[in-house]
Protein chains: 2
Amino acid sequence: MSQLFQLEKTCPRTGARAGTLFTPHGPVPTPAFLPVGSQATVKTLTPDDLESLGVRMILANSYHLYLRPGVDTVRMSGGLHRFMAWNGPVLTDSGGFQVFSLGHLRRLSDDGALFRSHIDGSEHFLTPELAIEIQEGLGADIVMPLDECPAYGGDLGTIRRATERSHLWAERCLRRHGRSDQALFGIVHGGTFAELRRESARRLTSLDFPGYAIGGLSLGEPKELTHAMLDETIPLLPRERPRYLMGVGSPEDLVECVAHGVDMFDSALPTRLGRNGAFFTRERRLSIGNACFKAEMGPIDPQCDCYTCRTFSAAYLHHLFKCRELLGYRLATIHNLRFVTGLMEQTRRAIIDGTFAAFKDAFLQRYQPTDADVRAEQKQKWIESGPGRQPLD
Amino acid sequence: MSQLFQLEKTCPRTGARAGTLFTPHGPVPTPAFLPVGSQATVKTLTPDDLESLGVRMILANSYHLYLRPGVDTVRMSGGLHRFMAWNGPVLTDSGGFQVFSLGHLRRLSDDGALFRSHIDGSEHFLTPELAIEIQEGLGADIVMPLDECPAYGGDLGTIRRATERSHLWAERCLRRHGRSDQALFGIVHGGTFAELRRESARRLTSLDFPGYAIGGLSLGEPKELTHAMLDETIPLLPRERPRYLMGVGSPEDLVECVAHGVDMFDSALPTRLGRNGAFFTRERRLSIGNACFKAEMGPIDPQCDCYTCRTFSAAYLHHLFKCRELLGYRLATIHNLRFVTGLMEQTRRAIIDGTFAAFKDAFLQRYQPTDADVRAEQKQKWIESGPGRQPLD
């Protein structure tokens with residue numbers, strides 16, 4: 001693969017960067033947010049919709065696609081891009097995170113992870129080599145090594161052992177990976193332990209990956225700790241390689257983490273929140289089910305340029321959600337994805353114009369994040385609804 | 001209202017007609033199929049989608065919109081068209097059918113129908129006058145009088161009394177209706193009794209409605225009886241007025257009933273079947289969940305010009321339905337609506353070209369209708385799932 005990333009501008013007052021990822025399916029301006037299309041579909045949207053929202057790259061889940069429809073079906077279809085008719089770049093995760101969070105993990109060793117499918121209970125043994133085979137079969141532009149994803153709150157010894165195993169697995173993935181049209185990233189781990197983060201960053205950069213993900217964050221730890229870990233990790237990563245923070249997608253986190261030097265993000269948050277009736281605006285997250293929208297004849301966000309806001313009143317959206325109409329989920333998804341995609345476009349422009357620090361301050365001053373307790377409660381509710389949840393999962 | 005309907009061509013060998021409905025929101029070429037948007041949304045689709053499918057007119061349900069969001073919200077929004085951002089013509093039913101099928105009917109008299117909402121149990125008294133008030137508030141282009149909708153199988157006396165009540169109500173609706181930009185149709189009833197049908201047609205035509213609906217059919221009676229009732233009714237309706245058969249939407253029924261002289265149809269069948277994974281083709285209805293589609297790399301219907309068939313393989317659609325992904329419901333809706341809309345375009349062209357009889361014979365010879373028992377079972381399953389069913393109802 002020729003040069004993957006070109007750094008174009010760095011903010012003189014923060015760590016923010018503007019660049020471009022070059023992939024076999026076209027360039028992606030950064031900072032970039034990747035919507036999640038777990039099962040080869042960004043829920044409710046067609047590829048045409050994604051394009052018209054300004055989405056440049058998406059993420060798909062190896063775990064889900066390996067179990068259903070299976071790698072062979074995707075490969076026979078000509079790969080993930082053709083299967084889902086999305087001609088832009090795709091990144092696949094390794095499946096590790098889902099094995100730990102959705103699959104029923106049966107046995108974990110240095111060899112790999114034995115788990116039961118959440119769909120039919122069938123048993124599978126995911127090794128670093130199989131994770132690469134799966135992803136080579138799916139054919140994404142950027143692929144990830146298998147990693148161990150311990151929950152937040154483990155002690156130093158636990159996290160150290162998991163991190164070391166992820167390093168071993170990263171090496172095995174690197175040895176196995178053969179597709180020259182795919183970029184295999186390294187994933188820095190280390191939980192919330194500064195010394196482990198630094199060690200992980202050093203170890204992985206010595207392996208010379210074309211890009212680096214930062215994993216094991218955004219798992220319920222306080223935000224200060226997330227930022228502290230970025231500060232430990234990012235200065236040790238090569239300047240000219242892209243940096244990808246996994247699982248971050250709230251507006252305030254995106255802006256804050258761009259300032260810490262992150263180039264890429266993925267998260268199901270904007271789309272999942274949308275399906276649950278939460279709409280992002282520049283000031284805060286609004287809940288469309290709120291009675292105040294019952295007779296609101298203006299759009300939910302008068303400052304928004306998305307199809308939903310240009311076309312429908314908040315009263316109509318309120319009605320659709322009250323009736324649990326499928327169109328409501330789609331219109332909310334459109335709005336929220338346009339919001340975060342537009343936010344990334346604005347950060348990029350501000351970085352290039354040299355005004356990012358002011359942009360960031362203004363945004364974070366204006367935006368009222370959802371209360372941490374409310375967020376934790378929502379996340380818990382979602383986790384408890386289980387992997388079979390539909391259609392709002 | 002100026003002239004509503006212009007008859008353009010009549011098939012010399014069947015009763016089929018081609019014409020145009022002229023409404024305040026534009027012309028509608030007939031024969032026309034109206035997709036159902038019960039709650040001011042054709043499930044999963046935007047108005048843009050509908051337009052690109054060639055849909056020219058839709059139906060919305062007074063019962064649903066009266067209960068939620070309420071007529072005031074729609075009126076304050078500037079009417080149904082602006083509320084749902086659909087600038088084409090709209091027809092609303094009177095709410096009668098839903099009161100009898102969804103609402104918990106408490107008391108029925110010549111005055112009207114007392115029912116409990118299926119949403120919150122609140123009590124409402126629907127009179128002919130209220131049905132008109134509701135529909136004037138919603139602002140559709142074509143509106144319907146309140147009618148009594150007895151189930152199929154009632155005896156002559158029962159159906160006679162219901163039909164006579166519907167006539168009284170039709171007269172009251174006519175007296176109450178005041179919006180000159182709306183056309184109020186009459187609805188011919190009489191169940192499956194030829195003499196009642198003829199009587200109803202004579203009685204209603206004497207009231208000089210600008211168009212005539214044929215109600216109380218497609219309620220589970222044998223198809224021969226449906227056709228026989230059309231033969232009793234249609235010759236008594238004025239040639240220069242549009243004829244609208246309520247609740248018919250299967251491909252074979254559409255073609256057959258066009259041949260009997262029907263100009264307009266509505267039915268939730270194509271959209272509801274789509275959400276349940278049944279795809280129309282020129283030969284038959286296919287079930288996308290069938291294992292034969294798991295590795296089918298071609299489109300579900302190679303002869304179809306819709307977005308779904310032009311863009312996605314049957315294997316991908318199979319995958320979406322197996323995963324209960326919302327995009328699957330939308331892609332199936334697009335396909336089935338394009339199928340019936342295209343079918344109406346073809347019948348119209350054939351009528352104008354003078355080749356309709358041959359078109360009809362060829363279509364009905366080729367198309368294998370779904371087995372009557374299977375259809376009855378599917379309908380029963382749907383009815384039993386109750387009015388609160390979501391999201392596939």
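The values are calculated or read from the model by the stated rules, or taken from the named source; none is laboratory data. Being a predicted model, the structure only gives us computed values, none of them experimental. Every residue, glycine as well, gets a Cβ built from its backbone with ideal geometry; the counts of neighbours run over all protein chains shown. SASA here: full protein model, heavy atoms, side chains in, ligands and nucleic acids out. Shrake-Rupley method; radii C 1.70, N 1.55, O 1.52, S 1.80 Å.
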Fill in: Test for B:I159: is it of a type in the set (V, I, T), touching a Pro at 6+ places or on another chain (Cβ under 7 Å) and in contact (Cβ under 8 Å) with a residue 24 or more places away in the chain
yes
Worksheet item: Which of (1) under 22 Å from the mean Cα position of the chain (by Cα); (2) in a loop (DSSP other than H, G, I, E, B); (3) not small (G, A, S) is the odd one out, the single condition A:D305 does not satisfy?
Response: (1)
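Each row is one residue, and each column tells you yes or no for (1) within 17 Å of the chain's Cα centre (by Cα); (2) not small (G, A, S).
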residue	(1), (2)
B:V248	yes, yes
B:E252	yes, yes
B:E256	yes, yes
B:L273	yes, yes
B:R284	no, yes
B:G289	no, no
B:C292	no, yes
B:P299	no, yes
Worksheet entry | Verdict on A:E129 being open to solvent by 10 Å² or more (accessible area, probe 1.4 Å), touching a residue at least 40 places away in the same chain (Cβ under 8 Å) and away from chain B (no Cβ under 14 Å) | yes
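Being in a loop (DSSP other than H, G, I, E, B) and either among the small types (G, A, S) or under 27 Å from B:P238 (Cβ atoms) (or both) narrows it down to one residue among B:T44, B:T14; which is it?
On the way: B:T44 fails: either among the small types (G, A, S) or under 27 Å from B:P238 (Cβ atoms) (or both).
Result of the check over B:T44, B:T14: B:T14.
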Worksheet item: Restricting the search to segment A:356-372, which residues are surrounded by 14 or more Cβ atoms within 10 Å (Cβ to Cβ) and outside any helix (DSSP H, G or I)?
Response: A:Y367, A:P369, A:T370
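Has segment A:290-298 got any residue that is under 21 Å from B:D48 (Cα atoms) and within 14 Å of chain B (Cβ to nearest Cβ)?
From segment A:290-298, those under 21 Å from B:D48 (Cα atoms) are A:297-298; that's our starting set.
After this cut, where a residue has to be within 14 Å of chain B (Cβ to nearest Cβ) as well, the list is A:297-298.
Yes, there is a match, as at least one residue in segment A:290-298 is under 21 Å from B:D48 (Cα atoms) and within 14 Å of chain B (Cβ to nearest Cβ).
In the list A:A162, A:A170, A:A194, A:A151, which residue meets the criterion of being open to solvent by 60 Å² or more (accessible area, probe 1.4 Å), more than 20 Å from A:E240 (Cα to Cα) and small (G, A, S)? Step through it out loud before you land on a result.
Values: A:A162 fails: open to solvent by 60 Å² or more (accessible area, probe 1.4 Å); A:A170 fails: open to solvent by 60 Å² or more (accessible area, probe 1.4 Å); A:A194 fails: open to solvent by 60 Å² or more (accessible area, probe 1.4 Å).
On inspection, the qualifying residue turns out to be A:A151.
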Worksheet entry | Test for A:P31: is it surrounded by 21 or more Cβ atoms within 10 Å (Cβ to Cβ), away from chain B (no Cβ under 14 Å) and in contact (Cβ under 8 Å) with a residue 24 or more places away in the chain | yes
Fill in: Breaking point among (1) of a type in the set (A, V, I, L, M, F, W, C); (2) within 19 Å of A:P128 (Cα to Cα); (3) crowded, with 22+ Cβ neighbours inside 10 Å, for A:L207
(3)
Worksheet item: If B:T341 passes every condition in (1) without any contact (Cβ under 8 Å) to a residue 24 or more places away in the chain; (2) farther than 30 Å from A:I119 by Cβ but one, which one does it miss?
Response: (1)
Fill in: Failed item in (1) more than 9 Å from chain B (Cβ to nearest Cβ); (2) under 19 Å from B:L80 (Cα atoms); (3) of a type in the set (S, T, N, Q), with A:S313 passing the rest
(1)
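Could you tell me which residue of segment B:47-71 is farthest from B:L91 (Cα to Cα), considering only residues that are small (G, A, S) and open to solvent by less than 10 Å² (accessible area, probe 1.4 Å)?
This residue is B:S62.
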Worksheet item: Out of the residues in segment A:82-96 that are in a helix (DSSP H, G or I) and crowded, with 24+ Cβ neighbours inside 10 Å, which is farthest from the other protein chains (Cβ to nearest Cβ)?
Response: A:G96
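Quick check on this structure: which one of A:A314, A:A332, A:A295 is under 16 Å from B:Q39 (Cα atoms), in contact (Cβ under 8 Å) with a residue 12 or more places away in the chain and among the hydrophobic types (A, V, I, L, M, F, W, C)?
Numbers: A:A332 fails: under 16 Å from B:Q39 (Cα atoms); A:A295 fails: under 16 Å from B:Q39 (Cα atoms).
Answer to the check: A:A314.
Confirm whether B:T44 is more than 24 Å from B:V258 (Cβ to Cβ), modelled with pLDDT of 95 or more and buried (at least 24 other Cβ atoms within 10 Å of the Cβ). Let's see the steps before the verdict.
Working: more than 24 Å from B:V258 (Cβ to Cβ): yes; modelled with pLDDT of 95 or more: yes; buried (at least 24 other Cβ atoms within 10 Å of the Cβ): yes.
Yes; evaluated as a whole, the condition is true for this residue.
Results for (1) part of a helix (DSSP H, G or I); (2) within 11 Å of another protein chain (Cβ to nearest Cβ); (3) modelled with pLDDT of 95 or more, shown as yes or no for each residue.
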| site | (1), (2), (3) |
| --- | --- |
| A:E252 | yes, no, yes |
| A:E283 | no, no, yes |
| A:I300 | no, no, yes |
| A:R324 | no, yes, yes |
| A:L327 | yes, yes, yes |
Discussion item. Here's a check for you: in segment B:279-296, which residue that is touching a Gly at 6+ places or on another chain (Cβ under 8 Å) and open to solvent by 20 Å² or more (accessible area, probe 1.4 Å) is nearest to B:Y316 (Cα to Cα)?
Written reply: B:G289
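Just need a number here: residues in segment A:113-124 that are buried (at least 21 other Cβ atoms within 10 Å of the Cβ) and small (G, A, S).
The initial filter retains those residues of segment A:113-124 that are buried (at least 21 other Cβ atoms within 10 Å of the Cβ), namely A:113, A:115.
Next cut, small (G, A, S) only: A:113.
Matching residues across segment A:113-124 total 1.
Tell me, please, whether a residue that is touching an Asp or Glu at 6+ places or on another chain (Cβ under 6 Å) and surrounded by fewer than 18 Cβ atoms within 10 Å (Cβ to Cβ) can be found in segment A:308-322. Quick ask: steps written out before the conclusion?
Here is the first cut: in segment A:308-322, the ones touching an Asp or Glu at 6+ places or on another chain (Cβ under 6 Å) are A:309, A:314-315.
Filter once more, keeping what is surrounded by fewer than 18 Cβ atoms within 10 Å (Cβ to Cβ): none.
So far as segment A:308-322 goes, no, none of its residues is touching an Asp or Glu at 6+ places or on another chain (Cβ under 6 Å) and surrounded by fewer than 18 Cβ atoms within 10 Å (Cβ to Cβ).
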Worksheet item: Given A:V74, A:V99, which one is more than 29 Å from A:H335 (Cα to Cα), surrounded by 24 or more Cβ atoms within 10 Å (Cβ to Cβ) and at pLDDT below 95?
Response: A:V99
Worksheet entry | Checklist (1) surrounded by fewer than 23 Cβ atoms within 10 Å (Cβ to Cβ); (2) assigned to a helix (DSSP H, G or I); (3) facing chain A (nearest Cβ under 9 Å) applied to B:L331, failing item | (1)
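Here are A:D353, A:D301: which of them is surrounded by fewer than 23 Cβ atoms within 10 Å (Cβ to Cβ) and out of contact with any Ser or Thr (no Cβ under 9 Å at 6 or more places or on another chain)? Before you say what the answer is, go through the steps one by one.
Working: A:D301 fails: out of contact with any Ser or Thr (no Cβ under 9 Å at 6 or more places or on another chain).
Just one listed residue meets the conditions, A:D353.
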Practice prompt. For residues that are open to solvent by less than 10 Å² (accessible area, probe 1.4 Å) and not in a strand (DSSP E or B), scanning just segment B:263-274, find the one that is nearest to B:A213 (Cα to Cα).
Written response: B:D263
Item to complete: Give me the pairs, please: first residue somewhere in segment B:165-183 and at negative phi, second residue anywhere and open to solvent by 50 Å² or more (accessible area, probe 1.4 Å) and of a type in the set (K, R), beta-carbon distance under 9 Å, and either six or more positions apart or on two chains.
Response: B:H167/B:R203; B:A170/B:R203
Fill in: Selection count, segment A:242-254, where residues are open to solvent by 10 Å² or more (accessible area, probe 1.4 Å), touching a Phe, Trp or Tyr at 6+ places or on another chain (Cβ under 6 Å) and under 19 Å from A:H189 (Cβ atoms)
1
Worksheet item: When the residues of segment B:42-81 are filtered to those that are under 30 Å from B:A162 (Cα atoms), within 20 Å of the chain's Cα centre (by Cα) and not hydrophobic (A, V, I, L, M, F, W, C), which remaining residue is farthest from the other protein chains (Cβ to nearest Cβ)?
Response: B:S62
